[in-house]
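**Student:** Would you mind keeping the following structure in view while I ask a few things?
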Amino acid sequence: DGGITQSPKYLFRKEGQNVTLSCEQNLNHDAMYWYRQDPGQGLRLIYYSQIVNDFQKGDIAEGYSVSREKKESFPLTVTSAQKNPTAFYLCASSLTLAGVNEQFFGPGTRLTVL
Amino acid sequence: SQKIEQNSEALNIQEGKTATLTCNYTNYSPAYLQWYRQDPGRGPVFLLLIRENEKEKRKERLKVTFDTTLKQSLFHITASQPADSATYLCALRFQKLVFGTGTRLLVSP
């Protein structure tokens, strides 16, 4: 089965701790994305990557970091600098960054900071 | 900056009726527009894409229209079923894909 996996589904952390969210895809897609979703708000882009070893800040990158060492993997670290990290985090991928491409989403990780 | 507006109030309809959801945008027209379905606690799933030079697109019970003069897309589900209950997001491609907040559809038996 091809798709995107995110783990864990639920994550609890204490305030001040860094936490890393996993995202893996086996669709052979070049582009990958991280979004944050809060109640009543649309998906907001945190970071995106169009190719291995390259990534760009999205609209709300402050307090987050990413890496893209392998085509299949795009982990997101939520650092202690993120003021309000409790949210639903979605990872997505598409064939390429440009062009007419649909995005495929993972099941999401719900992060709660206590 | 680009603004996308979807009705934040839930749309309640009866089974068998046609559901119509609206997506309005400001400023520049996008190269294309996509519609996604999102169920509670899950990631969005792509449904349909329509380009700026297309007026209408259909897929089974789904129909999307795109009016660049009105800066609006309409998403229709005909013969709606309770299983169609979900949140529907529009996404517009400018320099990157920008998502609306979504409209929740509730189809009653």
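The values are calculated or read from the model by the stated rules, or taken from the named source; none is laboratory data. These figures come from a predicted structure and were not determined experimentally. Cβ: placed from backbone, ideal geometry, glycine included. Neighbour counts: every protein chain shown.
**Student:** Between A:Ala61, A:Ala92, which is under 30 Å from B:Glu9 (Cα atoms), surrounded by fewer than 21 Cβ atoms within 10 Å (Cβ to Cβ) and at pLDDT 95 or above? Outline the logic, then answer.
**Tutor:** On the way: A:Ala92 fails: surrounded by fewer than 21 Cβ atoms within 10 Å (Cβ to Cβ).
On inspection, the qualifying residue turns out to be A:Ala61.
**Student:** Considering only region A:15-29, I want to know if a residue exists there that is away from chain B (no Cβ under 13 Å), modelled with pLDDT of 95 or more and in contact with a Gly (Cβ under 8 Å, 6 or more places away or on another chain).
**Tutor:** Checked region A:15-29: at least one residue is away from chain B (no Cβ under 13 Å), modelled with pLDDT of 95 or more and in contact with a Gly (Cβ under 8 Å, 6 or more places away or on another chain).
So that you can scan it fast, the table gives a plain yes or no per residue for (1) closer than 15 Å to A:Ser93 by Cβ; (2) not β-branched (Val, Ile, Thr):
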{"site": "A:Arg44", "(1), (2)": "no, yes"}
{"site": "A:Ser49", "(1), (2)": "yes, yes"}
{"site": "A:Val52", "(1), (2)": "yes, no"}
{"site": "A:Phe55", "(1), (2)": "yes, yes"}
{"site": "A:Asp59", "(1), (2)": "no, yes"}
{"site": "A:Gly63", "(1), (2)": "no, yes"}
{"site": "A:Lys70", "(1), (2)": "yes, yes"}
{"site": "A:Thr77", "(1), (2)": "no, no"}
{"site": "A:Ser80", "(1), (2)": "no, yes"}
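**Student:** Could you run through region A:31-55 and say how many residues are touching a residue at least 24 places away in the same chain (Cβ under 8 Å), surrounded by 18 or more Cβ atoms within 10 Å (Cβ to Cβ) and not polar (S, T, N, Q)?
**Tutor:** 10
**Student:** With chain B as the region, which strands (runs of 3 or more DSSP E) entirely inside it contain at least 3 residues that are at the interface with chain A (Cβ under 10 Å from one of its Cβ atoms)?
**Tutor:** B:32-38, B:45-51, B:86-93, B:97-99
Residue-by-condition table, conditions (1) facing chain B (nearest Cβ under 10 Å); (2) β-branched (Val, Ile, Thr); (3) farther than 23 Å from A:Lys9 by Cβ:
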{"position": "A:Tyr48", "(1), (2), (3)": "yes, no, no"}
{"position": "A:Gln56", "(1), (2), (3)": "yes, no, yes"}
{"position": "A:Glu72", "(1), (2), (3)": "no, no, no"}
{"position": "A:Ala81", "(1), (2), (3)": "no, no, yes"}
{"position": "A:Thr96", "(1), (2), (3)": "no, yes, yes"}
{"position": "A:Leu111", "(1), (2), (3)": "no, no, no"}
